[in-house]
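Novice: Submitted below is the structure of interest, expressed as structure tokens.
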Amino acid sequence: MSHVLSTYARFPLTLVRGEGSRVWDDAGKSYLDFCTGIAVCSLGHCPPRLVQAIREQAGTLLHVSNLYRIPQQEELARVIVEDHVRIPGKVFFANSGAESNDGLIKTARKFGHARPQADGSPRYEVLSFTKSFHGRTLGGINATGQDKVKEGFDPMLPGFRHLPFNDLAALQAAIAPETAAILLEPVQGEGGVNVATPEFLRGIAALCKKHDLLLLLDEVQAGFGRCGQPMAWRAIAPELEPDGISWAKGMGGGFPIGAFWLSDRAVDSAGTPLSSLMGPGTHGTTYGGNPLACAASLAVLAEIAEKNLEAEVLRQESRIRTTIASWKLPAITEVRGIGLLLGIGLDTTKFAVPAGKLPAAFVCGKLLEAGLLVPPAGPETIRLLPPLNVTDNEVDEALAIFHRVVSELGEEDAVGSGSGG
């Protein structure tokens, strides 16, 4: 009997070892891992540079309180601001994406007090979008535009509304006097791998400027090279200047770390920086930004930069798209996404799905049996999230497994339909 809470519908697989793009189960069977902890293991499993950085830091200093200065934290913040965001600002380090998004939500509330409504009452509302996912804390599920994460947790917190993604007119009509911020994923991961259009992002930026709102980007799954750019929004609308960004997942390569950045831009005529609104006592964490986590993240980001993995990501995206298009499989509708955050849409009328199972999860189970690990993204989409340094041979092997499994599912359904006629 397990003593672990059953909060996950786990696949029947126990993994015990990993190296690069491969993992092994407790029976010794190997799998290609194109799930990577859901876009976490940016460099694959046990990359030497990350392992060495963790070993060295663990032997020097594991943890100190944020009551004191932490050199590794200062260096990581500098790298993020100067080399990745490239807009003046400051960084807060957390432990997860949900915590990072909570920090952005709190910033929106703080901004709404500093820049209140005309009658002096604070602004507090955050607008987000359907099919979004912003974490499983109470703040995160309120910001998330999916009802399934909210069931049984009523009453919901006030101050959140969800609008259609990529619908600028609906957003414009929804802005109210109490609105303080707009929060979105440039590429929705959990919700089906849906990409914001350039026009949508640029329109949001214009609305934020017009109505004095914060533009907040959730790049927890998409950031730090996953979309072929240091920041995912630059793959869509490179001139954008957000007010806040959240990250986690791939920035630690498997070691838990999250962060959010706030711009230094002035928010009033006195020149008060937005980043200064979150001052002493407004936010905190016990573990966030400790020496070990920051050393791990510095190693991951350095490897991505020095090996030019962002260019490799775009090259592999092109290879994957070209190969899948050449199959012309009826069960595959499209490939969505950017870089190595890709979603393969399924036409669920082209194969049989057992009663009680969601189509994407069912296909993921079949792929697992064939030796390929991938996660679903909603009921009818499968994500491909390989390491950023995945090789040509590994991509080819994974796509061959995918092609074989999906082809066989279609053939089984055709045989079943024929015999039933």
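Readers should treat all values here as calculations from the given coordinates under stated rules, not as data from a laboratory. This structure is a prediction, so every number in the text was calculated from the model and none was measured. Cβ: placed from backbone, ideal geometry, glycine included. Neighbour counts: every protein chain shown.
Novice: So for LEU342, LEU216, LEU5, fewest C-beta neighbours within 10 Å to most, what's the order? Don't jump to the answer; show the numbers that get you there.
Specialist: Details: LEU342 25, LEU216 29, LEU5 6.
So the ranking, lowest neighbour count to highest, is LEU5, LEU342, LEU216.
Novice: Using the Karplus curve 6.51 cos²θ - 1.76 cosθ + 1.60 with θ = phi - 60°, work out ³J(HN,Hα) for each residue of segment 322-336 in order, rounded to whole Hz, and write x for Gly and Pro.
Specialist: Couplings: 4, 5, 5, 4, 6, 5, 6, 7, x, 6, 10, 8, 5, 10, 10 Hz.
Novice: Where both residues lie in the chain, what percent of DSSP beta bridges are antiparallel, nearest 5? Kindly include the intermediate steps, with their values, before the conclusion.
Specialist: On the way: 32 of 50 bridges.
Percentage antiparallel, nearest 5: 65.
Novice: At most 15 other Cβ atoms within 10 Å and a DSSP loop assignment: could you name the chymotrypsin sites (Phe, Trp or Tyr not before Pro) in segment 85-183 that fit?
Specialist: On the way: sites: PHE92, PHE93, PHE111, TYR124, PHE129, PHE133, PHE153, PHE160, PHE165; in loops: TYR124, PHE133, PHE153, PHE165.
Taking segment 85-183 and a limit of 15 other Cβ atoms within 10 Å, the loop chymotrypsin sites (Phe, Trp or Tyr not before Pro) found are PHE153.
Novice: Ok, one more. Using the basic label-point model (7 angstrom from Cα toward the beta carbon), what is the GLU239 to THR137 distance in nanometres?
Specialist: About 3.5 nm, to one decimal.
Novice: Just tell me which lysines come within less than 18 Å, Cα to Cα, of LYS106; anything on the same chain fewer than 8 places away is out.
Specialist: Within the straight-line limit of under 18 Å, LYS106 reaches these lysines: LYS90.
Novice: Another question, if that's okay. Can you tell me the length gained on complete extension of the stretch LEU15 to LYS150, counting 0.36 nm per residue apart and subtracting the Cα distance?
Specialist: Details: separation 135, 0.36 × 135 = 48.60 nm, distance 3.02 nm.
Once the chain is fully extended between LEU15 and LYS150, it gains 45.6 nm.
Novice: For the residues MET251, MET156, MET231, what sequence is obtained by ranking on other C-beta atoms within 10 Å, fewest first? Don't skip to the answer; put the middle values down first.
Specialist: Numbers: MET251 31, MET156 11, MET231 25.
In increasing order of surrounding Cβ atoms, one gets MET156, MET231, MET251.
Novice: Filter the trypsin sites (Lys or Arg not before Pro) in segment 300-343 to those in DSSP coil with at most 10 other Cβ atoms within 10 Å of their Cβ, and list the result. Write down the numbers at each step before the final one.
Specialist: On the way: sites: LYS307, ARG315, ARG319, ARG321, LYS328, ARG336; in loops: LYS307, LYS328.
Loop-located and lightly packed - LYS328.
Novice: Further question: Taking the 0 to 90 degree range and rounding to the nearest ten, how far is the long axis of helix 392-420 tilted relative to the main principal axis of the chain, both from C-alpha atoms?
Specialist: The two axes meet at around 60 degrees.
Novice: Could you work out the helix-only [θ] at 222 nm for the chain, with each DSSP H run of four or more residues adding -39,500 (n - 2.57) and the total divided by the number of residues, to the nearest 500 deg cm²/dmol?
Specialist: It lands at -11000 deg cm²/dmol.
Novice: Would you mind checking the tilt of helix 48-58 against the longest principal axis of the Cα atoms of the chain, expressed as 0 to 90 degrees and rounded to 10?
Specialist: 50 degrees
Novice: Provide the FRET efficiency to the nearest 0.05 for the LYS328-ALA58 pair, computing r from the beta carbons and using R0 = 51 Å. Walk me through the intermediate numbers first.
Specialist: Numbers: r = 51 Å, r/R0 = 1.00.
Result of the calculation: an efficiency of 0.50.
Novice: Relative to the longest principal Cα axis of the chain, at what angle does helix 198-211 sit, 0 to 90 degrees, rounded to 10?
Specialist: 20 degrees
Novice: Under the definition of Cα pairs under 8 Å and six or more residues apart, what whole-number percent is the relative contact order of segment 90-151? Spell out each step's value before the answer.
Specialist: Numbers: 71 pairs, mean separation 17.3, N = 62.
Computed over segment 90-151, the figure is 28 percent.
Novice: Rank these for me by crowding, ASP102, ASP147, going from fewest to most other beta carbons within 10 Å. Let's see the in-between values first.
Specialist: On the way: ASP102 23, ASP147 10.
Ascending Cβ contact count within 10 Å gives the list ASP147, ASP102.
Novice: Under 18 Å Cα-Cα from LYS210, which aspartates and glutamates qualify once same-chain neighbours fewer than 8 residues away are excluded?
Specialist: Cα-Cα hits under 18 Å: GLU125, ASP167, GLU178, GLU199, GLU239, GLU241, ASP243, ASP268.
Novice: Roughly how far apart, in whole Å, are the Cα centres of segment 140-207 and segment 43-65?
Specialist: One Cα centre to the other: 37 Å.
Novice: Over segment 49-306, calculate the relative contact order: mean separation of alpha carbon pairs under 8 Å at least 6 apart, over the residue count, as a percent.
Specialist: Numbers: 503 pairs, mean separation 71.0, N = 258.
Value for segment 49-306: 28 percent.
Novice: Within segment 1-71, which trypsin sites (Lys or Arg not before Pro) sit in a loop by DSSP and count at most 14 neighbouring Cβ atoms inside 10 Å?
Specialist: On the way: sites: ARG10, ARG17, ARG22, LYS29, ARG49, ARG55, ARG69; in loops: ARG10, LYS29, ARG69.
For trypsin sites (Lys or Arg not before Pro) across segment 1-71 that sit outside H, G, I, E and B with at most 14 neighbouring Cβ atoms in 10 Å, the list reads ARG10, LYS29, ARG69.
Novice: So, one more: Please enumerate, by chain and number, the lysines with C-alpha under 23 Å from the C-alpha of LYS357, excluding those fewer than 8 residues away in the same chain.
Specialist: Candidates past the 8-residue exclusion: LYS131, LYS148, LYS150, LYS366.
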